[in-house]
Amino acid sequence: MFTRSLFIGVFMATLSACGTLKTTNNFSTSGADFQKMYSVDIITSAQLVQFNYRHLGLVTTDYCQYDRDSEEYSRSAILNTLRLEAESLGGNALIYGSCRTTPSAGCYSYSICTGNVYHIEDR
């Protein structure tokens, strides 16, 4: 219940600020970022229960499609951004939550995506 309330709070705060956000679907592809990104595995809840783990928190990222002709968000780019956020929390595993897309002031389509970060022992 707390996670849902937190998500709704983050979603509403971010949604109200969409007009001032400068977002892009491009992310840094430096060697260091690739190394960080790929140190975080994307797993399922069923896989998680096989390990000793610690939940580190929720990560979010967003994307504003400015107009109909702008590029839509890429699922792989979103997942890569979530992985980088997960690594910055000290995680080595990410369970992808969801992406919600809505129209928003300043955006033709606004997407916010979430995931839960875990540290799996001996991984």
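So, ARG68, is that one in contact with a strand residue (DSSP E or B) (Cβ under 9 Å, 6 or more places away or on another chain), under 16 Å from TYR118 (Cβ atoms) and exposed (fewer than 15 other Cβ atoms within 10 Å of the Cβ) or not? No, not satisfied. Of the residues making up region 86-111, those that are of a type outside the set (Gly, Ala, Ser) and surrounded by fewer than 22 Cβ atoms within 10 Å (Cβ to Cβ) are GLU87, LEU89, ASN92, ILE95, TYR96, CYS99, ARG100, THR101, THR102, PRO103, TYR108. Among the helices (runs of 4 or more DSSP H) confined to region 9-105, the ones with at least 3 residues that are modelled with pLDDT of 90 or more and over 11 Å from the mean Cα position of the chain (by Cα) are located at 45-48. Within region 106-123, track down each residue that is closer than 21 Å to SER74 by Cα and assigned to a strand (DSSP E or B). Of everything in region 106-123, those that are closer than 21 Å to SER74 by Cα and assigned to a strand (DSSP E or B) turn out to be CYS107, TYR108, SER109, TYR110, SER111, ILE112, CYS113, THR114, GLY115, ASN116, VAL117. Residue count for region 79-104 under the criterion of being in contact (Cβ under 8 Å) with a residue 40 or more places away in the chain and among the aliphatic types (A, V, I, L, M): the result is 5.
Residue check: THR114 meets all listed conditions (1) free of Cβ contacts under 8 Å to residues at least 60 places away in the same chain; (2) within 13 Å of the chain's Cα centre (by Cα) but one, namely (1). Note on region 99-123: residues that are closer than 18 Å to THR44 by Cα and in contact with a helix residue (DSSP H, G or I) (Cβ under 9 Å, 6 or more places away or on another chain) amount to 8.
The values are calculated or read from the model by the stated rules, or taken from the named source; none is laboratory data. Because the structure is a prediction, the values reported are computed rather than measured. Ideal geometry is used to build each Cβ from the backbone, glycine not excepted, and the neighbour counts take in all protein chains shown.
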